[in-house]
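Accompanying notes for the structure given below.
The values are calculated or read from the model by the stated rules, or taken from the named source; none is laboratory data. Just so we're clear, the structure is a prediction, and the values are computed from it rather than from any experiment. When we count neighbours, we look across all protein chains shown, and the Cβ atoms used for this are built from the backbone with ideal geometry, even at glycine.
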């Protein structure tokens, strides 16, 4: 039986992060061509890889924000329904 230590668990958690970092670095170095980027009134040139990574990050943040709002709505709805059912039980008794 192999015992797990804090250090071994830390390395196991760090390994996927390092793999993702390597993949991102390969992507950045393979896409160095500059492209023109416009966002609202701002415009400029960026390497293609940086522009795409920025778009992915903005998209992920938007999905996270919208998902968080929806989860908050659902939790509030469940809380209200559980409060209503408890109120019904008290009225019956």
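Data for the structure
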{"item": "One residue from 4, 43, 38 being modelled with pLDDT of 90 or more and loosely packed, with under 10 Cβ neighbours inside 10 Å", "result": "43"}
{"item": "Any chance residue 32 is surrounded by 10 or more Cβ atoms within 10 Å (Cβ to Cβ) and either without any contact (Cβ under 8 Å) to a residue 60 or more places away in the chain or at negative phi (or both)", "result": "yes"}
{"item": "Residue in region 4-16 that is touching a helix residue (DSSP H, G or I) at 6+ places or on another chain (Cβ under 9 Å) and part of a strand (DSSP E or B) present", "result": "no"}
